[in-house]
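Participant: To start, I am sharing the structure in question, which I have written as structure tokens.
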Amino acid sequence: MFGGLYGKVRGYVNHISERRTVGQNEVLDVLIGYTDPPRKGATEGEKKTVKASVWNYASSNGRDDIAQFLKYVKKGDQVTLAGKLDLNSYEKNGVPTSMIQMNVEEIEPQPRPNGGASNGNGNGHASEQHATAGVSGNGNGKASFDNAALDEIPF
């Protein structure tokens, strides 16, 4: 519905579903909660949820992006995700509603509030393996799921 709009969301993992199979591909759905900045005159922002889908495509030569996502991200973790956005409209209890859905292409776990990184190394920073995953010369420190050059890197 957004016509190929690409976006980024930073929020907290509220729910991680079980892996499921769709055709020949696997998908893991994750609900990310975030709060919009307050509107003029308001004291609090509106709470929103994005349904983010991490895919293992049959054509990915055995690379398991879902396992790598689960290795670095747990429920309650703060994370920044980027990918293609779509608007999913449906009815809930007879009331029309909608939710933004994202097909995840990049993931950037944030340090945990207790000082440990999402991978559990305890120093407040992602491990060198994760911090350099997806770099491939661009230096952005983000894991990119659709970069063919990264087939031997976990992401």
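Participant: Looking at the structure I just gave you, is Ile16 under 17 Å from Ile100 (Cα atoms) and either touching a Leu at 6+ places or on another chain (Cβ under 7 Å) or touching a residue at least 24 places away in the same chain (Cβ under 8 Å) (or both)? First the steps, then the outcome.
Facilitator: Numbers: under 17 Å from Ile100 (Cα atoms): yes; either touching a Leu at 6+ places or on another chain (Cβ under 7 Å) or touching a residue at least 24 places away in the same chain (Cβ under 8 Å) (or both): yes.
Spelling it out, Ile16 is indeed under 17 Å from Ile100 (Cα atoms) and either touching a Leu at 6+ places or on another chain (Cβ under 7 Å) or touching a residue at least 24 places away in the same chain (Cβ under 8 Å) (or both).
Participant: Also: Can you tell me which residue among Thr49, Thr21 is under 19 Å from Thr97 (Cβ atoms), modelled with pLDDT of 90 or more and either of a type outside the set (A, V, I, L, M, F, W, C) or surrounded by 15 or more Cβ atoms within 10 Å (Cβ to Cβ) (or both)?
Facilitator: Details: Thr21 fails: under 19 Å from Thr97 (Cβ atoms).
Testing whether each residue is under 19 Å from Thr97 (Cβ atoms), modelled with pLDDT of 90 or more and either of a type outside the set (A, V, I, L, M, F, W, C) or surrounded by 15 or more Cβ atoms within 10 Å (Cβ to Cβ) (or both) leaves just Thr49.
Participant: If you don't mind, there's one more thing I want to ask. Quick test of your reading of the structure: Ala58 fulfils all but one of (1) hydrophobic (A, V, I, L, M, F, W, C); (2) farther than 21 Å from Met99 by Cβ; (3) without any contact (Cβ under 8 Å) to a residue 12 or more places away in the chain. Name the failing condition by number.
Facilitator: Among (1) hydrophobic (A, V, I, L, M, F, W, C); (2) farther than 21 Å from Met99 by Cβ; (3) without any contact (Cβ under 8 Å) to a residue 12 or more places away in the chain, Ala58 violates only (3).
Participant: Of the residues that sit in segment 1-17 and are closer than 28 Å to Asn61 by Cα and more than 15 Å from the chain's Cα centre (by Cα), which one is surrounded by the most Cβ atoms within 10 Å (Cβ to Cβ)?
Facilitator: Per the stated criteria, the residue is Leu5.
Per-residue answers, yes or no, for (1) within 11 Å of the chain's Cα centre (by Cα); (2) part of a strand (DSSP E or B); (3) within 19 Å of Pro111 (Cα to Cα):
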site: Lys40; (1), (2), (3): no, no, no
site: Thr43; (1), (2), (3): no, no, no
site: Val54; (1), (2), (3): yes, yes, no
site: Asn61; (1), (2), (3): no, no, no
site: Phe69; (1), (2), (3): yes, no, yes
site: Lys75; (1), (2), (3): no, no, yes
site: Thr80; (1), (2), (3): yes, yes, yes
site: Gly83; (1), (2), (3): yes, yes, no
site: Pro96; (1), (2), (3): no, yes, no
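The values are calculated or read from the model by the stated rules, or taken from the named source; none is laboratory data. Treat the numbers as computed from the prediction; the structure is a model and nothing was measured. Glycine gets a Cβ as well: all are built from the backbone with ideal geometry, and neighbour counts include every protein chain shown.
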